[in-house]
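For reference, the structure discussed in these notes is given below.
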């Protein structure tokens, strides 16, 4: 499968930015808590750290298994390599874009590059979202009912990170948009594009037709699931639930490794709450806000002198380590098939031609012989004509 140049560039940027983000995380930890007990970093048991790394990376296997099951059901004929690339691209895009945006569109793009129709690719993304949000809320609700965590600072987290937008901000945004639009009108290409934008044929070919095709593919996918894919849907939903339970248990393993005695169910709910609150952070990958939200939520569950260090451990294992591994795997799976310059194509001459080409050659030879015979006949007539002799 060919990975687009955009994905290649995104992976390279990721490999460059991730160490900088990790360095910024360390600097923030040093700045925020000067009295942090950094000697506890050596108390982290390697076995628990390894388990946390397994919890962080193993959800990819569940995602690959889920997409493989649907690929077989819809007879898409996707290879394991193509499915793995789509899942890894989804993870990289989910971490490098705002949390509310997610990385599903990167997965859709790679599925389309693999030959999947846009409607079917979008259907696979929607099916995955339904699987993610179907059983997980049920599990969270049951756990919250029987094992309710206490001392959670929700009000402080929301008041600190919910954006406060004033009227002047809207005015500045509107003025900037109007200025850019007015400047763009000076370019002929922009005026031509605007003229096409208001044509009905443009809307039919560019907007309406692809949208209707996507709706048809989407409807076809869910009709097929309702008829013969209910058991498969249940299986993939169970896999999705196990996948998110592992992801929300990363810090539980780290806490055990640091010598604490966390309640696994309680810490699972707290990590789920942290991931839900990350959706209100507008920065890519919730940079700058994830650590603070983590410390607000886990305040009272982790000693204050180790809270910043625990946040750094969690952020590294659950985000930066995962991002680096996914980017490296994408680079390793990439084939050297895309080049900025195309290789010259050399013509290969063979002595034996195909039957179709032989027929064309015979016809061309017959036409050439006929034209030559006609030319000779005309010349003979001119020679034998008495009028052609000079007086």
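The values are calculated or read from the model by the stated rules, or taken from the named source; none is laboratory data. Worth saying up front: this structure is predicted, and the values here are computed from it rather than measured. Every residue, glycine among them, receives a Cβ derived from its backbone with ideal geometry; neighbour counts consider all protein chains shown.
Restricted to segment 223-236, and to residues there that are within 18 Å of residue 122 (Cα to Cα) and in contact with a helix residue (DSSP H, G or I) (Cβ under 7 Å, 6 or more places away or on another chain), the residue that is surrounded by the most Cβ atoms within 10 Å (Cβ to Cβ) is 236. Looking for whichever is touching a helix residue (DSSP H, G or I) at 6+ places or on another chain (Cβ under 8 Å), buried (at least 20 other Cβ atoms within 10 Å of the Cβ) and either without any contact (Cβ under 8 Å) to a residue 40 or more places away in the chain or over 19 Å from residue 53 (Cβ atoms) (or both) here; the options are 251, 298. Which one fits? Exactly one of 251, 298 is touching a helix residue (DSSP H, G or I) at 6+ places or on another chain (Cβ under 8 Å), buried (at least 20 other Cβ atoms within 10 Å of the Cβ) and either without any contact (Cβ under 8 Å) to a residue 40 or more places away in the chain or over 19 Å from residue 53 (Cβ atoms) (or both), namely 298. Which residues, counting only those in segment 72-97, are out of contact with any helix residue (DSSP H, G or I) (no Cβ under 8 Å at 6 or more places or on another chain) and more than 26 Å from residue 318 (Cβ to Cβ)? Correct list: 72, 75, 79.
In the set 83, 64, only one residue is surrounded by fewer than 22 Cβ atoms within 10 Å (Cβ to Cβ) and over 23 Å from residue 251 (Cβ atoms); that residue is 64. Note on segment 188-233: residues that are at pLDDT below 70 and not in a helix (DSSP H, G or I) amount to 2.
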